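Read the figures in this text as sums done on the coordinates, not as results from a lab. Not measured: the values here are computed from a predicted model. Backbone-built Cβ (ideal geometry, glycine too); neighbour counts: all protein chains shown.
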Amino acid sequence: MRIFLALALVIGLAAFASAQVPTVTVTATDARAAEATKDPGTFVVSHTGGAEKDLTVMYSIGGTATPGEDYPALPGKVAIPAGTASAVITVMPVQDKKPEKPETVILTLTEDPAYEVGDEKSAILTIWDK
Ligand SMILES: [Ca+2]
Ligand SMILES: [Ca+2]
């Protein structure tokens, strides 16, 4: 009996160790956004493996563009639904009358126990005035 328990423990530990968390990356699939032409920019957050359940990916936002002013503020997390490999984050520039220089939006993935952050952990897009 004892040997079965020990065996079960070893198998359980092996299963736990091999339960890989997905690796998450981000790319700017549309790195150019423009205010005057209502041209959005997009980031795509993707993961490899582990698609059997919903995955929430956390991120921080930087860059020279001001959230809530140059574009609607982003929530800082995105859900990749079960069965899908990626989620799109759209940055739609806010139109105003003031001329501006091109400004950047940088999305950086945040570490979380639910996933590994891959090499492509940060992406940048540019908001042009025109
Ligand atoms: Ca665009
Ligand atoms: Ca403007």
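Worth pointing out:
- Förster radius 41 Å - calculated FRET efficiency between residue 114 and residue 39 (Cβ-Cβ, nearest 0.05): 0.80
- Ranked 117, 45, criterion: other C-beta atoms within 10 Å, fewest first: 117, 45
- Coil-residue GluC sites (Glu not before Pro) of the stretch 29-73, DSSP, other Cβ within 10 Å capped at 14: 52, 69
- Rounded if a/c under 1.5, otherwise prolate or oblate - the stretch 21-128, Cα gyration tensor axes: prolate
- Cross-link pairs 38/101; 77/97; 53/77; 38/77 - those with Cα-Cα distance over 27 Å: 77/97
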